[in-house]
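Data first, discussion second: the structure below is written as structure tokens.
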């Protein structure tokens, strides 16, 4: 149970990093922003928010343990 906060923190950081890299890569490949790129960015935004939530949850669990 003591490794869970660190695991959630790591998952959160990976998710946030992935979403940032994915958005930049998609815009670079497409060289324009159209509706398909906006849809992908919306999904990646949700993943980024979930990643931040994992980091916060991991921090809270670590502090209260």
Handout entry: Ordering of 45-57, 28-40 by packing [mean C-beta count within 10 Å, highest first]
Key = 45-57, 28-40
Practice task
Grab every C-alpha pair in the stretch 4-64, bin the distances at 10 angstrom width from 0 up to the longest one, and report whole percents.
Solution key: 25, 40, 22, 11, 2
Handout entry: Degrees separating the helix 35-64 axis from the principal Cα axis of the chain, which is the longest one
Key = 10 degrees
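FYI, it's all coordinate maths here, none of it is from the lab. For clarity, every value in this text was computed on a predicted model and none was experimentally measured. FYI the Cβ positions are ideal-geometry reconstructions off the backbone, even for glycines, and counts take in every protein chain you see.
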